[in-house]
Amino acid sequence: MSSPAASKYATAAGRIQTLRKAATDRHLRLRLHDERQVYYHAALTAYVAAWDAYINNLVRDFYDVIDDPFTLRFQAIYAIARQAAERALDRFNTPNWENTRNLLQRYTGYDPIGDWVWTRRGMVGLQVRERLNEILRIRHSFAHGFDMPAYNWTQSPSGRVRLTSEAIQETEAFFKNLVDVTDRGMKAHIELTYGIASVW
């Protein structure tokens with residue numbers, strides 16, 4: 001079972017697929033490279049936004065799960081910690097690996113660094129963290145009108161830098177894996193730290 005945050009992410013991701021599919025739909029007659037790129041850019045940006053929302057929601061889910069309204073001494077500390085977390089979430093707007101790890105570690109006690117691997121694709125932690133930051137840099141380039149950075153997954157054999165349907169599908173799979181492993185890690189953290197057996 002997934003966290004409420006992961007369920008919301010899955011709903012958002014399902015909707016984002018429409019953008020990638022529209023770019024390759026023959027009925028829409030998107031023949032120009034630039035027209036397809038608009039859809040791919042929008043899809044990548046939407047996946048980053050969904051990841052950002054997932055992290056925000058996961059922190060809130062953490063506080064919902066550990067809440068113990070019957071222990072007055074705990075409630076005083078809990079209220080201070082939750083308010084501090086909410087203030088941090090208000091400022092959280094670049095969900096790269098460093099910022100995301102710092103937010104989770106500081107406001108929930110969970111360090112996701114060991115969980116961020118993609119076993120199915122043979123990606124170890126460093127590769128996963130770098131891919132997350134690459135995706136964020138590409139999103140940043142769209143948002144600020146810069147040239148898109150060239151990575152092995154954004155560059156054609158001829159050297160042309162662009163997004164493709166395959167790159168967006170891989171981005172979708174990447175974030176699905178990242179949400180799944182983060183969710184499992186947070187669940188284990190809550191169970192071990194707080195002794196709450198049935199988290200979600």
(message) Suppose we filter ALA42, ALA53 for residues that are part of a helix (DSSP H, G or I), within 23 Å of the chain's Cα centre (by Cα), farther than 23 Å from SER198 by Cα and at pLDDT below 95; which single one remains?
(response) ALA42
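If you go through region 142-182, how many residues are in a helix (DSSP H, G or I), among the acidic types (Asp, Glu) and touching a residue at least 12 places away in the same chain (Cβ under 8 Å)?
Here is the first cut: in region 142-182, the ones in a helix (DSSP H, G or I) are 142-144, 165-182.
Next, from what is left, pick out any that are among the acidic types (Asp, Glu): 166, 170, 172, 180.
Next cut, touching a residue at least 12 places away in the same chain (Cβ under 8 Å) only: 170, 172, 180.
Summing the residues that are in a helix (DSSP H, G or I), among the acidic types (Asp, Glu) and touching a residue at least 12 places away in the same chain (Cβ under 8 Å) in region 142-182 gives 3.
With THR100, THR108 as the choices, which residue is β-branched (Val, Ile, Thr), at pLDDT 95 or above, surrounded by 14 or more Cβ atoms within 10 Å (Cβ to Cβ) and over 13 Å from the mean Cα position of the chain (by Cα)? Spell out how you get there, then give the answer.
Working: THR100 fails: over 13 Å from the mean Cα position of the chain (by Cα).
Unique residue meeting the criteria: THR108.
In region 86-141, how many residues are part of a strand (DSSP E or B) and either of a type outside the set (A, V, I, L, M) or in contact (Cβ under 8 Å) with a residue 12 or more places away in the chain (or both)? Show your work before the answer.
Within region 86-141, the subset part of a strand (DSSP E or B) is 118, 123.
Applying the additional criterion that residues be either of a type outside the set (A, V, I, L, M) or in contact (Cβ under 8 Å) with a residue 12 or more places away in the chain (or both) yields 118.
Matching residues across region 86-141 total 1.
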(request) For PHE146, work out the one condition from (1) aromatic (Phe, Trp, Tyr); (2) surrounded by 14 or more Cβ atoms within 10 Å (Cβ to Cβ); (3) closer than 21 Å to ALA46 by Cβ it doesn't fulfil. (result) (2)
(request) Give the number of residues within region 9-39 that are at pLDDT 80 or above and either buried (at least 19 other Cβ atoms within 10 Å of the Cβ) or within 19 Å of LEU132 (Cβ to Cβ) (or both). (result) 6
(request) Output the number of residues of region 56-83 satisfying the condition of being closer than 28 Å to GLU134 by Cα and either more than 23 Å from the chain's Cα centre (by Cα) or surrounded by fewer than 15 Cβ atoms within 10 Å (Cβ to Cβ) (or both). (result) 0
(request) Give the residues of region 165-200 that are among the hydroxyl-bearing types (Ser, Thr, Tyr), under 18 Å from ASP111 (Cβ atoms) and surrounded by fewer than 14 Cβ atoms within 10 Å (Cβ to Cβ), sorted by residue number. (result) THR193
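Hey, can you tell me all the residues within region 86-97 that are surrounded by fewer than 16 Cβ atoms within 10 Å (Cβ to Cβ) and farther than 22 Å from ASP64 by Cβ?
Within region 86-97, the subset surrounded by fewer than 16 Cβ atoms within 10 Å (Cβ to Cβ) is 86-88, 90-91, 93-94.
The answer is ASN93, THR94.
The values are calculated or read from the model by the stated rules, or taken from the named source; none is laboratory data. Fair warning: this is a prediction, and the values are worked out from it, not measured in the lab. Cβ sites come from the backbone with ideal geometry, for glycine too, and all protein chains shown count toward neighbours.
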